[in-house]
Amino acid sequence: MELLKQGQKLSILFQKEDAIVEIACTISQMLEDRIVIELPPYFMRYIEFLDVGCKLTIKVFSKIGTVDFNTIVISSPLEDEFSVELDYNAMKLTPGEEIPVIEAMETLNIIKDEREFKVSTFEISTTYLKFTCDYDLKEEDSFECELILPKDYGIIRFKGTVTYVDPVYDNEFTISYMSMIEEDRQALLYYMYLYSNNSD
(Lines give C-alpha, C1' and ligand atoms only; values in the text may rest on other atoms or scores of the structure.)
Protein backbone atom coordinates (compact mmCIF):
# COMPACT_ATOMS: atom_id res chain seq x y z
CA MET A 1 0.00 0.00 0.00
CA GLU A 2 1.30 3.46 -0.88
CA LEU A 3 1.90 5.60 2.19
CA LEU A 4 1.61 8.84 0.22
CA LYS A 5 -0.77 9.44 -2.68
CA GLN A 6 -2.82 12.13 -4.36
CA GLY A 7 -5.94 13.14 -2.46
CA GLN A 8 -4.58 12.06 0.93
CA LYS A 9 -5.21 14.26 3.95
CA LEU A 10 -2.30 15.76 5.84
CA SER A 11 -1.51 18.45 8.38
CA ILE A 12 1.37 20.90 8.30
CA LEU A 13 2.68 22.15 11.63
CA PHE A 14 4.92 25.08 12.52
CA GLN A 15 5.75 27.30 15.47
CA LYS A 16 3.93 30.63 15.73
CA GLU A 17 5.03 32.71 18.68
CA ASP A 18 4.32 30.45 21.68
CA ALA A 19 1.90 28.08 19.94
CA ILE A 20 2.02 25.29 17.39
CA VAL A 21 -0.21 25.93 14.37
CA GLU A 22 -1.75 22.96 12.57
CA ILE A 23 -3.28 23.44 9.10
CA ALA A 24 -5.43 20.75 7.50
CA CYS A 25 -4.50 20.18 3.84
CA THR A 26 -4.65 17.68 0.99
CA ILE A 27 -1.97 16.23 -1.29
CA SER A 28 -2.76 17.50 -4.79
CA GLN A 29 0.22 15.95 -6.59
CA MET A 30 3.11 13.58 -5.87
CA LEU A 31 6.37 14.35 -7.70
CA GLU A 32 9.78 12.68 -7.53
CA ASP A 33 11.35 15.21 -5.18
CA ARG A 34 8.40 17.13 -3.77
CA ILE A 35 4.79 17.03 -2.61
CA VAL A 36 2.37 19.61 -4.02
CA ILE A 37 -0.13 20.54 -1.32
CA GLU A 38 -3.61 22.06 -1.59
CA LEU A 39 -4.01 24.59 1.20
CA PRO A 40 -7.30 25.66 2.83
CA PRO A 41 -8.76 29.11 2.02
CA TYR A 42 -7.48 30.66 5.26
CA PHE A 43 -3.78 29.98 4.54
CA MET A 44 -3.00 33.67 3.89
CA ARG A 45 -2.98 34.44 7.60
CA TYR A 46 0.10 32.20 7.89
CA ILE A 47 1.81 33.23 4.65
CA GLU A 48 5.09 34.26 6.35
CA PHE A 49 5.49 30.70 7.68
CA LEU A 50 4.90 29.18 4.23
CA ASP A 51 7.58 31.08 2.31
CA VAL A 52 10.36 29.32 0.40
CA GLY A 53 12.96 27.88 2.77
CA CYS A 54 10.69 27.75 5.85
CA LYS A 55 10.85 24.56 7.89
CA LEU A 56 7.67 22.58 8.52
CA THR A 57 6.57 19.29 10.03
CA ILE A 58 4.19 17.15 7.97
CA LYS A 59 1.75 14.53 9.29
CA VAL A 60 0.10 12.41 6.59
CA PHE A 61 -2.86 10.21 7.57
CA SER A 62 -3.24 6.74 6.10
CA LYS A 63 -5.35 3.70 6.97
CA ILE A 64 -2.33 1.90 8.44
CA GLY A 65 -0.90 4.78 10.44
CA THR A 66 0.48 8.30 10.46
CA VAL A 67 3.55 9.32 8.45
CA ASP A 68 5.62 12.09 10.07
CA PHE A 69 8.57 13.97 8.60
CA ASN A 70 10.30 17.34 8.70
CA THR A 71 10.60 19.24 5.45
CA ILE A 72 11.23 22.65 3.89
CA VAL A 73 9.05 24.77 1.60
CA ILE A 74 10.20 24.58 -2.04
CA SER A 75 7.57 26.84 -3.61
CA SER A 76 5.32 29.25 -1.73
CA PRO A 77 1.53 29.60 -2.09
CA LEU A 78 2.14 32.91 -3.86
CA GLU A 79 3.67 31.00 -6.76
CA ASP A 80 1.77 28.64 -9.07
CA GLU A 81 1.76 25.89 -6.44
CA PHE A 82 2.70 25.21 -2.84
CA SER A 83 5.19 22.37 -2.51
CA VAL A 84 7.52 20.90 0.09
CA GLU A 85 10.61 18.73 -0.17
CA LEU A 86 10.01 14.98 -0.31
CA ASP A 87 12.67 12.88 1.46
CA TYR A 88 11.61 9.26 1.93
CA ASN A 89 14.60 8.65 4.23
CA ALA A 90 13.24 11.17 6.74
CA MET A 91 9.82 9.57 7.13
CA LYS A 92 8.58 7.78 10.20
CA LEU A 93 5.44 5.61 10.22
CA THR A 94 3.46 5.33 13.43
CA PRO A 95 1.06 2.37 13.07
CA GLY A 96 -2.54 2.78 14.12
CA GLU A 97 -5.40 5.10 13.25
CA GLU A 98 -5.10 8.79 14.01
CA ILE A 99 -7.94 11.13 13.13
CA PRO A 100 -6.72 14.22 11.26
CA VAL A 101 -7.80 17.80 11.69
CA ILE A 102 -10.42 18.56 9.06
CA GLU A 103 -11.82 21.70 7.51
CA ALA A 104 -15.07 22.31 9.32
CA MET A 105 -18.44 23.00 7.68
CA GLU A 106 -20.55 22.44 10.77
CA THR A 107 -22.82 24.87 12.61
CA LEU A 108 -21.87 25.78 16.18
CA ASN A 109 -24.29 27.30 18.67
CA ILE A 110 -22.82 28.86 21.81
CA ILE A 111 -24.78 30.03 24.83
CA LYS A 112 -23.14 32.85 26.80
CA ASP A 113 -24.65 35.39 29.16
CA GLU A 114 -28.05 33.77 28.55
CA ARG A 115 -27.79 34.57 24.83
CA GLU A 116 -27.42 32.09 21.99
CA PHE A 117 -25.05 32.76 19.09
CA LYS A 118 -24.81 30.83 15.84
CA VAL A 119 -21.19 30.99 14.65
CA SER A 120 -19.16 29.79 11.67
CA THR A 121 -16.62 27.00 12.21
CA PHE A 122 -13.59 26.62 9.95
CA GLU A 123 -11.46 23.90 11.55
CA ILE A 124 -12.19 20.93 13.76
CA SER A 125 -10.10 18.28 15.52
CA THR A 126 -10.63 15.76 18.29
CA THR A 127 -9.42 18.24 20.92
CA TYR A 128 -10.30 21.73 19.67
CA LEU A 129 -12.58 23.72 17.39
CA LYS A 130 -11.88 26.99 15.54
CA PHE A 131 -14.60 29.46 14.58
CA THR A 132 -15.42 33.08 13.84
CA CYS A 133 -17.80 35.05 16.03
CA ASP A 134 -18.79 38.73 16.28
CA TYR A 135 -19.21 38.43 20.05
CA ASP A 136 -16.23 39.72 22.07
CA LEU A 137 -14.74 36.58 23.62
CA LYS A 138 -11.69 36.42 25.88
CA GLU A 139 -9.25 33.63 26.72
CA GLU A 140 -10.56 31.38 29.50
CA ASP A 141 -14.20 32.26 28.70
CA SER A 142 -16.37 29.15 29.05
CA PHE A 143 -19.83 28.44 27.68
CA GLU A 144 -22.20 25.68 26.64
CA CYS A 145 -21.97 24.59 22.99
CA GLU A 146 -23.90 22.59 20.42
CA LEU A 147 -22.03 21.35 17.35
CA ILE A 148 -24.60 20.43 14.71
CA LEU A 149 -23.18 17.83 12.34
CA PRO A 150 -24.43 17.59 8.74
CA LYS A 151 -26.42 14.77 7.14
CA ASP A 152 -28.20 13.75 10.35
CA TYR A 153 -24.96 12.70 12.08
CA GLY A 154 -26.34 14.30 15.22
CA ILE A 155 -25.62 17.10 17.66
CA ILE A 156 -22.52 17.14 19.88
CA ARG A 157 -23.06 18.98 23.17
CA PHE A 158 -20.13 20.11 25.29
CA LYS A 159 -18.72 22.88 27.44
CA GLY A 160 -16.08 24.86 25.57
CA THR A 161 -13.32 27.12 26.87
CA VAL A 162 -11.54 29.72 24.75
CA THR A 163 -7.86 28.77 24.59
CA TYR A 164 -6.67 31.14 21.86
CA VAL A 165 -7.76 34.50 20.43
CA ASP A 166 -6.09 35.28 17.12
CA PRO A 167 -4.15 38.55 17.60
CA VAL A 168 -4.17 39.38 13.88
CA TYR A 169 -7.55 38.28 12.56
CA ASP A 170 -10.48 39.77 14.45
CA ASN A 171 -13.17 37.50 15.86
CA GLU A 172 -11.32 34.21 15.28
CA PHE A 173 -11.19 31.90 18.27
CA THR A 174 -10.07 28.43 19.32
CA ILE A 175 -11.95 26.51 21.99
CA SER A 176 -11.17 23.19 23.67
CA TYR A 177 -13.74 20.56 24.62
CA MET A 178 -13.69 20.79 28.43
CA SER A 179 -16.72 18.66 29.17
CA MET A 180 -18.37 16.12 26.86
CA ILE A 181 -20.20 12.90 27.62
CA GLU A 182 -18.56 9.75 26.28
CA GLU A 183 -21.42 9.04 23.87
CA ASP A 184 -20.98 12.43 22.19
CA ARG A 185 -17.19 12.06 22.11
CA GLN A 186 -17.51 8.73 20.31
CA ALA A 187 -20.05 10.25 17.89
CA LEU A 188 -17.57 13.05 17.09
CA LEU A 189 -14.73 10.58 16.53
CA TYR A 190 -16.95 8.45 14.30
CA TYR A 191 -18.04 11.46 12.26
CA MET A 192 -14.43 12.58 11.76
CA TYR A 193 -13.43 9.04 10.81
CA LEU A 194 -16.16 8.90 8.15
CA TYR A 195 -15.23 12.36 6.87
CA SER A 196 -11.52 11.58 6.60
CA ASN A 197 -12.08 8.27 4.80
CA ASN A 198 -14.98 9.13 2.51
CA SER A 199 -14.52 12.76 1.44
CA ASP A 200 -12.67 13.72 -1.71
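The values are calculated or read from the model by the stated rules, or taken from the named source; none is laboratory data. Everything numeric here is computed off the predicted structure, so don't read it as measured data. Calculation scope for accessible area: heavy atoms of the full protein, side chains included, ligands and nucleic acids excluded. Shrake-Rupley method; radii C 1.70, N 1.55, O 1.52, S 1.80 Å.
Helix content alone sets the calculated 222 nm mean residue ellipticity of the chain: runs of n ≥ 4 DSSP H residues at -39500 (n - 2.57) each, divided across all residues, give -3000 deg cm²/dmol. What pairs in Lys92/Lys151; Lys16/Lys92; Lys9/Lys151 have C-alpha atoms more than 28 Å from each other? Among Lys92/Lys151; Lys16/Lys92; Lys9/Lys151, the Cα-Cα distance tops 28 Å for Lys92/Lys151. When only Cα pairs below 8 angstrom with a gap of at least 6 residues are kept, the chain shows a relative contact order of 14 percent.
Annotation: the stretch 1-42 has a Kirkwood hydrodynamic radius of 11.5 angstrom, from the mean reciprocal C-alpha pair distance. Across the stretch 101-195, Cα pairs under 8 Å and at least six residues apart give a relative contact order of 24 percent.
Here's how it looks for Gln8: its modeled amide H is under 5 Å from those of Ile27, which are all 5 or more places away or on a different chain.
Looking at the stretch 1-143, the accessible area is 53 square angstrom per residue; that uses a 1.4 Å probe and ignores ligands, DNA and RNA. Entry for the stretch 1-101 at q = 0.14, 0.18, 0.24, 0.25 Å⁻¹: log10 I(q)/I(0) = -0.48, -0.81, -1.47, -1.59, Debye formula applied to identical alpha-carbon scatterers, no solvent contribution. Residues whose amide H lies under 5 Å from that of Lys112, counting only those 5 or more places away or on a different chain, are Phe117; hydrogens are built 1.01 Å from N in the peptide plane.
Carbon-plus-sulfur accessible fraction, the chain (probe radius 1.4 Å, protein heavy atoms only): 47%.
The calculated pair-distance distribution of the stretch 80-187 uses every alpha carbon pair, bins of 5 angstrom beginning at 0, and gives 2, 10, 20, 22, 15, 10, 8, 8, 4, 1, 0, 0 percent.
If you average over every viewing direction, what projected area does the convex hull of the Cα atoms of the chain give, in nm²?
11.9 nm²
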